Amino acid sequence: MNKQAKHLIAELRLLIGFLGEKGQFNWWESNFLSSSSTAYLMPTYPRTILLAQYHGVSEAALAVHDRFIGTGINYHLYRLPDSIEREVSAVVQELSSSEPLGIALSSQETALNRLAELANQEQAKDGPVDIGSFSDAHLEQLVKSSAGCYATAFIQGIKCYPFMRGGK
């Protein structure tokens with residue numbers, strides 16, 4: 001997987017994670033990316049705060065996605081093959097110094113705008129949405145389609161959980 005795809009997945013997980021938190025669209029019961037969380041986590045994780053927030057919000061989003069999509073052979077933004085998970089996690093620490101990301105996570109409006117910049121235009125419906133078969137070669141486009149579903153769902157006020165069918 002190329003570096004651009006890893007960065008895209010990491011940024012989208014943070015953006016969608018932020019937008020899905022209870023302080024925004026309330027898709028999952030967490031506030032890992034809020035300013036109060038930053039103040040709380042800073043003494044414990046001064047150099048890795050974004051990584052701690054990333055893992056927290058990713059776990060919250062993973063639990064909700066798995067409840068609607070199930071676990072097994074399907075993938076989604078918060079459940080990818082282990083090799084990809086490790087690579088994306090390593091990228092998050094690089095993003096901690098990204099000023100544009102910090103700005104994007106500062107408000108619902110800026111996060112939605114950044115999400116729209118990264119996403120393909122897609123239709124969304126309430127509940128699980130099949131966006132195609134998982135493929136390493138097409139992962140970047142699948143993730144952009146997934147992001148488009150999330151962006152549309154947030155705007156429409158519905159909860160959409162895009163997933164990729166896994167192989168056997």
Some residue of the range 141-156 being aromatic (Phe, Trp, Tyr) and either farther than 14 Å from residue 9 by Cβ or open to solvent by 60 Å² or more (accessible area, probe 1.4 Å) (or both): yes
Search result, residues across the range 143-161 that are within 9 Å of residue 121 (Cα to Cα) and touching a residue at least 40 places away in the same chain (Cβ under 8 Å): 144, 147
Helices (runs of 4 or more DSSP H) contained entirely in the range 1-96, each with at least 1 residues that are open to solvent by 20 Å² or more (accessible area, probe 1.4 Å), touching a residue at least 60 places away in the same chain (Cβ under 8 Å) and within 20 Å of residue 154 (Cβ to Cβ): 3-20, 49-69
Residues of the range 38-60 that turn out to be of a type in the set (A, V, I, L, M, F, W, C) and in contact with a Leu (Cβ under 8 Å, 6 or more places away or on another chain), as a count: 4
Residue in the range 84-106 that is touching a strand residue (DSSP E or B) at 6+ places or on another chain (Cβ under 9 Å) and of a type in the set (Lys, Arg) present: no
Selection status of residue 116, under 13 Å from residue 15 (Cα atoms) and under 16 Å from the mean Cα position of the chain (by Cα): yes
Residue in the range 110-125 that is most open to solvent (accessible area, probe 1.4 Å), counting only those that are free of Cβ contacts under 8 Å to residues at least 60 places away in the same chain and part of a helix (DSSP H, G or I): 117
Residues satisfying the stated conditions in the range 97-109, i.e. among the hydrophobic types (A, V, I, L, M, F, W, C), open to solvent by less than 50 Å² (accessible area, probe 1.4 Å) and farther than 14 Å from residue 53 by Cα: 104
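The values are calculated or read from the model by the stated rules, or taken from the named source; none is laboratory data. Predicted model, so just to flag it, every value in this text is computed and none were measured. Cβ: placed from backbone, ideal geometry, glycine included. Neighbour counts: every protein chain shown. To get the accessible areas, we keep the full protein, side chains included, count just its heavy atoms, and leave off ligands, DNA and RNA. Shrake-Rupley method; radii C 1.70, N 1.55, O 1.52, S 1.80 Å.
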